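Visitor: Have a look at this one before I ask anything.
No lab work stands behind these numbers, since they all come straight from the coordinates. Since the structure is predicted, the reported quantities are computational estimates derived from the model, not experimental observations. Heads up, the Cβs are rebuilt from the backbone with ideal geometry, glycines too, and the neighbour counts pull from every protein chain shown.
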Amino acid sequence: MATWQTSRLRTTLKRDEGFAFGPSASQIAPQLYLSNFFYAKSVQAMSADGITHVVSILESKPAYPPFLKGTLHIPLMDTSDTDILQHLEATTAFIKAAIEESPNNNVLVHCLMGISRSATVVCAYLVATTSMSADETIDFVREKRPIVCPNLGFRRQLETYSLQFYSRKSLAAKSVARMTGVSEGIAARMRKLTSRSDTASRGASSRTQFDAQDAVATVTVSVSSVRGDVVEE
């Protein structure tokens, strides 16, 4: 790792003494951690947290411990004009595959300070796998790691990345709504038909009852007439 990067990180650590930096990681979600270069180069710290996969967003590829099951290095600088958008599909796919492979897998995403580049990658993963918007993911990640602050260019690219998921989720929601509407329509028709059938059955039963009563009345009248004839004789 270049000396200027380590010096820059140490300067940042002194500036933000109120936050617990150093070799520690912030758990953002189950099986997903966000941290800095100091943590990523600590074999002991990563081993203790059960880290199995690492995504590094750094200019230079770091040395990885041998126990890792998978690594992904994206060489990027932390500048507003850096194109991080082109890599978000790959980083999201890597994280998702590692997490889904086993509940025992834990993914670390890091850059130099765990503030901008790696935070953007983690937010992109959350955009792709949850219902959160780009801004909501930043707020969510910041709750877990208060220093998170993607640069303005990365924020815009994260918003662009999220648009495709808005479209997909919107189409899925509309599809569910249509299917729900169809199901409810069918159910309503069935209830209507059942209601008509019940009404018809009750009507038929009433008519049968009335016919039976009429028949009894007729028989009664006939018997009475016969009895009357007998008496008269």
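Visitor: Within the range 67-106, work out how many residues are under 21 Å from residue 51 (Cβ atoms) and under 18 Å from the mean Cα position of the chain (by Cα).
Guide: 12
Visitor: Here are some conditions: (1) of a type outside the set (Asp, Glu); (2) surrounded by 17 or more Cβ atoms within 10 Å (Cβ to Cβ); (3) more than 15 Å from residue 29 (Cα to Cα). Residue 75 meets all but one. Which one does it not meet?
Guide: Failed condition: (2).
Visitor: Within the range 54-66, track down each residue that is buried (at least 20 other Cβ atoms within 10 Å of the Cβ) and more than 30 Å from the chain's Cα centre (by Cα).
Guide: none
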